[in-house]
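Novice: Mind having a look at this structure? Questions to follow.
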Amino acid sequence: MWPTTRDALLREQERLGSLKPPPWKPEGHWVAGACFACYPRGREGAGQAGEPCWAAAVLCAPEGVRQVVVTGKVSAPYEPGLLALREGPILEAAVRALPRLPDVLLVDATGRDHPRRAGLALHLGAVLGIPTVGITDRPLVASGQPPEDRRGACSPLYVQGELVGYWVRTRPRVRPVCVHAGWRTDPDTAVAVVLQLVGRFRTPEPLRLAREAARAARAASR
């Protein structure tokens, strides 16, 4: 399911980016999840092949929060736009280790904001077969002005005239986040999901919990 070479990934991204899967909307009761991967502290450079990785997945269900952490080594170095080659398999493994798949998954990666319109957030959703939303601190290739300083304020992100996501101010007086359309989600649906999942912090709660779990597992491995 995951390409193992750069050329194969480029072809798969072109294919995925051209697809128009049926849209998902957050109506009625739905359960959110999130996944996040982290690496050793103090490493040099952007990331090399063979590095240890801690990948956490969280399910925020009515009966409580469930979380899992999967550890392993990544087989590819970091390269912008090719994150799926590095993190795709281990993030999939973490999400599949949950008691059940969420109805929508937040991913620390871009979606349609990508040269081939198929960033890791979109690719992971296609592999898992569930809707996804990407959350990042900055755009990959999209451009747009930050929103005004109030909770819920949004401003569009475009790639070659195509709306691919939004800057979203989840809390006043803090930096906005980039919210990306992913697998089976459009930009407006992605924003609606994120704003429903934001609590006291800048980052939506499922993704914040996944980040904490991955970093805690890394700290415990020392």
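Novice: Could you say which residue among Arg211, Arg150 is open to solvent by 30 Å² or more (accessible area, probe 1.4 Å), of a type in the set (D, E, K, R) and touching a Phe, Trp or Tyr at 6+ places or on another chain (Cβ under 7 Å)?
Specialist: Testing whether each residue is open to solvent by 30 Å² or more (accessible area, probe 1.4 Å), of a type in the set (D, E, K, R) and touching a Phe, Trp or Tyr at 6+ places or on another chain (Cβ under 7 Å) leaves just Arg211.
Novice: I've got another one for you. Kindly list, by first and then second residue, each pair from a residue in region 1-24 that is open to solvent by 100 Å² or more (accessible area, probe 1.4 Å) to a residue that is part of a loop (DSSP other than H, G, I, E, B) and of a type outside the set (D, E, K, R), limited to pairs with Cβ atoms under 9 Å and residues at least 6 apart or on different chains.
Specialist: What qualifies is Thr4/Ser75; Thr4/Ala76; Arg6/Ala76; Arg6/Leu82; Arg11/Pro3; Glu14/Ala118; Arg15/Ala118.
Novice: Looking only at region 81-114, count every residue that is of a type in the set (Gly, Ala, Ser) and in a loop (DSSP other than H, G, I, E, B) and tell me the total.
Specialist: 4
Novice: Further, regarding this structure: So which residues in region 154-201 are of a type outside the set (Ser, Thr, Tyr), assigned to a loop (DSSP other than H, G, I, E, B) and under 23 Å from Val141 (Cβ atoms)?
Specialist: Result: Gln160, Gly161, Arg169, Arg175, Pro176, Gly182, Trp183, Arg184, Asp186.
Okay, residues lined up against (1) closer than 26 Å to Arg171 by Cα; (2) of a type in the set (A, V, I, L, M); (3) touching a Lys or Arg at 6+ places or on another chain (Cβ under 9 Å); (4) touching a residue at least 40 places away in the same chain (Cβ under 8 Å):
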| position | (1), (2), (3), (4) |
| --- | --- |
| Gly81 | no, no, yes, yes |
| Leu98 | no, yes, yes, yes |
| Asp103 | yes, no, no, yes |
| His123 | no, no, no, yes |
| Val133 | yes, yes, no, yes |
| Leu140 | yes, yes, no, yes |
| Pro156 | yes, no, no, no |
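Novice: Let me ask something else about it. Just to be sure I understand, how many residues within region 115-148 are under 12 Å from Thr185 (Cα atoms) and either out of contact with any Gly (no Cβ under 6 Å at 6 or more places or on another chain) or assigned to a loop (DSSP other than H, G, I, E, B) (or both)?
Specialist: Residues meeting the conditions: 3.
Novice: Could you check region 127-141 and list, in sequence order, the residues that are in contact with a Ser or Thr (Cβ under 8 Å, 6 or more places away or on another chain) and not polar (S, T, N, Q)?
Specialist: Pro131, Val133, Gly134, Ile135, Pro139, Leu140
Novice: What residue, among those in region 155-207 that are modelled with pLDDT of 95 or more and small (Gly, Ala, Ser), is surrounded by the most Cβ atoms within 10 Å (Cβ to Cβ)?
Specialist: Here the residue is Gly182.
Novice: So, one more: Any residue at all in region 111-118 that is under 23 Å from Val69 (Cβ atoms) and open to solvent by less than 30 Å² (accessible area, probe 1.4 Å)?
Specialist: no
Novice: Here is a further query. Which members of region 69-80 meet the condition of being in a loop (DSSP other than H, G, I, E, B) and either open to solvent by 20 Å² or more (accessible area, probe 1.4 Å) or under 23 Å from Gly33 (Cα atoms) (or both)?
Specialist: Val74, Ser75, Pro77, Tyr78, Glu79, Pro80 - these are the residues of region 69-80 that are in a loop (DSSP other than H, G, I, E, B) and either open to solvent by 20 Å² or more (accessible area, probe 1.4 Å) or under 23 Å from Gly33 (Cα atoms) (or both).
Novice: Does Glu92 count as among the acidic types (Asp, Glu), open to solvent by 20 Å² or more (accessible area, probe 1.4 Å) and free of Cβ contacts under 8 Å to residues at least 60 places away in the same chain?
Specialist: For Glu92, the condition - among the acidic types (Asp, Glu), open to solvent by 20 Å² or more (accessible area, probe 1.4 Å) and free of Cβ contacts under 8 Å to residues at least 60 places away in the same chain - is not met.
Novice: Which one is modelled with the lowest pLDDT, of the residues in region 47-77 that are out of contact with any Gly (no Cβ under 8 Å at 6 or more places or on another chain) and polar (S, T, N, Q)?
Specialist: Gln48
Novice: With the requirement that a residue be open to solvent by 60 Å² or more (accessible area, probe 1.4 Å) and in contact with a helix residue (DSSP H, G or I) (Cβ under 9 Å, 6 or more places away or on another chain), what does region 25-46 give you?
Specialist: Of everything in region 25-46, those that are open to solvent by 60 Å² or more (accessible area, probe 1.4 Å) and in contact with a helix residue (DSSP H, G or I) (Cβ under 9 Å, 6 or more places away or on another chain) turn out to be Lys25, Arg41.
The values are calculated or read from the model by the stated rules, or taken from the named source; none is laboratory data. As the structure is a computational prediction, the values presented were derived from the model and not from experiment. We place every Cβ from the backbone using ideal geometry, glycine too, and count neighbours over all the protein chains shown. Just the protein is used for accessible areas: all its heavy atoms, side chains included, with ligands, DNA and RNA removed. Shrake-Rupley method; radii C 1.70, N 1.55, O 1.52, S 1.80 Å.
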